[in-house]
Each structure stands twice: as structure tokens, then as C-alpha cells.
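As C-alpha cells, the structure follows; a few thoughts come after it.
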């Protein structure tokens, strides 16, 4: 039976998680489980994988259907993440786990950074605290649901006063919203840093 993208994504996602978890365990012997988890979540987030896939040139290789082309390729970000995961799965099926691990270590592992361990335990709560200083309450909206029931992929936006300040993709609505909040916090932090520099 031909491998569907959803099945390949499922396999690739699991392999990426295992490889990165093993690398973090070896590289940071003094880091606790919480710190390693925060690094892993940041590294394998939709934002991270889609950015990496774009750098690898995958965006030029994706063929969209007519319905998606009509939206201006709105789903490109999610597609890039999915293609990277599918590539890992394909490498595993074709050459074995060692080949896939080598690919992950060459492409994704260089992005590992200890500062990811400082990310908040609960990005949604942290974002709410940050915005409440300005008396703003963030709101979330799920903008797309893809894949079969056993491998759902949700994409969510977080909004501040009606404006999108972060987008995240995950295996559940909660995961997608959490990643959207994390992206928003990163953007807010970057904005504050640029203001301090200038």
C-alpha cells in the first residue's frame, strides 16, 4: 500500500522526537527533564520545522492542489513542517534509522540551544500575564484541522485586540494553542530586545 503523507508524518514525528530526546540527554547531562522538554518542544515546533524546511528549499518542491493555490498557499507553513517529517520517515523506511538520524543531526540538531530551556512551562498563562499588564486578554482560534482522525494536525492563532500575534501547529488543539502562545512570547521578546538596542 502506498504510504500516505499522514502516515509518514506520524512516523517522522516520532523518530524526530526520539532522536532529539537522545541528543539532549547526551549533550546536557545536568539539565533536568523539564529543561530538556522545553528545548525539545521549541526545536520540533511547527515554526522551527517549517523554517528549516524552507531553508532546505522544500517550498519550491511542494505541489499544491487547485483549492490551496486559490488561498495564496495559506497552508504552506504547515505543509513545510509535514514534508520535513515525511522526509525523515522516508529516509527511515529506505535506509534505516541510522540514515534518518544522520539527516536529523545534520539539519535540525545544529539548532539546539540551551536557552530554549528557559522557555516558560505554560506559555498560555505566561502570555496572559504579559498582556494583562496592558489590560489585554489573548484569544485563540483554530484556523485549520488536517489529517485523518488518528493523525489530526491543528493550526491555531493567538490574537491580541483582534490582531494575530502568534501561530502554532500541533497534534491537538491545546498543543497548537500552546505553540501559538510560545511564538507570540518570542515575538514580544524580540521586539523588546530591538527597542533596547535602539
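The single condition from (1) farther than 19 Å from residue 49 by Cβ; (2) touching a residue at least 12 places away in the same chain (Cβ under 8 Å); (3) assigned to a helix (DSSP H, G or I) that residue 82 fails is (1). Within segment 110-129, residues that are within 22 Å of residue 24 (Cβ to Cβ) have Cβ atoms under 7 Å from residues that are in a loop (DSSP other than H, G, I, E, B) and at pLDDT 90 or above in these pairs: 114/28, counting only partners at least 6 apart in sequence or on another chain.
With respect to being more than 18 Å from the chain's Cα centre (by Cα), farther than 17 Å from residue 44 by Cα and at pLDDT 95 or above, residue 96 fits the description. Scoring residue 151 on the criteria (1) more than 17 Å from the chain's Cα centre (by Cα); (2) at pLDDT below 90; (3) surrounded by 14 or more Cβ atoms within 10 Å (Cβ to Cβ) leaves a single failure, condition (1).
Output the number of residues of segment 137-152 satisfying the condition of being on the phi < 0 side of the Ramachandran plot and either touching a helix residue (DSSP H, G or I) at 6+ places or on another chain (Cβ under 6 Å) or part of a helix (DSSP H, G or I) (or both).
7
Restricting attention to segment 153-187, which residues are touching a residue at least 24 places away in the same chain (Cβ under 8 Å) and assigned to a helix (DSSP H, G or I)? Hits for segment 153-187 are 173, 176, 177, 178, 179, 180, 181, 182, 183, 184, 185. Cβ separations smaller than 8 Å between residues 6+ apart or across chains give the following pairs from segment 16-39 residues that are in the same structural domain as residue 91 (by TED's automatic domain parsing) and on the phi < 0 side of the Ramachandran plot to residues that are surrounded by fewer than 12 Cβ atoms within 10 Å (Cβ to Cβ) and in a helix (DSSP H, G or I): 38/118. In the set (1) surrounded by 17 or more Cβ atoms within 10 Å (Cβ to Cβ); (2) modelled with pLDDT under 90; (3) not assigned by TED's automatic domain parsing to the domain that holds residue 59, residue 80 fails one condition alone, (3).
The values are calculated or read from the model by the stated rules, or taken from the named source; none is laboratory data. All of these numbers come straight from a predicted model, not from anything done at the bench. Note that we place each Cβ from the backbone using ideal geometry, even for glycine, and neighbour counts take in every protein chain shown.
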